[in-house]
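Structure first, then comments.
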Amino acid sequence: MLQKIILAIAVFIIILVALTFGETIAYEAFAWISHLTGLVFHNFSDVYYAAKNYVTLHATKVVIALLLTVPISLWIIKSKGSELEKPTNHRKIAIVLAIFLGWLGAHRFFLGQIGWGIFYLAIFYFFAPLVIILGLIDAVRYMFMSDEEFAMVRT
């Protein structure tokens, strides 16, 4: 169930990013990258205010992304539900989550490592740039792991 929720969140974020890039690619990309690198975020209150600002300025995009997220997520779960259970797809999803949402520990939550996910959130609270680097390191690790090694990570 947690994996399906994380998949829906990832679909929402991808749609929202696609809508944002459609409007002004360069401006939003640089703003997004600066947020991800932790240059702007220093603690959770910064995240809250940045998200609040974004929703205020781009309310229409957020509503469209929410309206598109539900049917797309349901379609993916229905049509690809059995494929999502394959270990190779778990690795692909974990890599994407580590790259885009690694700073929140989403890839660790997806893999069922709740303690590590909470640890990533704690690191994010104290020093955001470190957790971004850790998320990218996890993505690279997952890319170069064998199937057996990745299966060990999931257990």
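Values quoted throughout were computed directly from the atomic coordinates according to the rules given, and no laboratory measurement underlies them. No experiment lies behind these values; they were computed from the predicted model shown. Virtual Cβ from ideal backbone geometry, glycine too; neighbours counted across all protein chains shown.
Quick rundown of the values:
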{"quantity": "Simple spin-label estimate for I72 and A151 in nanometres, 7 Å along Cα-Cβ", "calculated": "3.3 nm"}
{"quantity": "Diffusion constant of segment 85-124 at 4 °C, which comes from Stokes-Einstein with the Kirkwood Cα-pair radius and 1.567 mPa s, µm²/s", "calculated": "131 µm²/s"}
{"quantity": "Along each principal axis, Cα extent of segment 47-155, largest first, Å", "calculated": "46, 40, 21"}
{"quantity": "Neighbour-count ranking [beta-carbon atoms within 10 angstrom, fewest first] of Y49, Y142", "calculated": "Y49, Y142"}
{"quantity": "Cα shape, segment 107-155, gyration tensor, a/c 1.5 rule", "calculated": "oblate"}
{"quantity": "Anchor K61: lysines whose Cα lies under 17 Å away (excluding residues fewer than 8 positions away in-chain)", "calculated": "K52"}
{"quantity": "18 Å Cα-Cα reach of K92 towards lysines, excluding residues that sit fewer than 8 places from it in its own chain", "calculated": "K4, K80"}
{"quantity": "Inter-probe distance in nm under a simple model that places probes 7 Å from Cα toward Cβ, at S79 and W116", "calculated": "3.1 nm"}
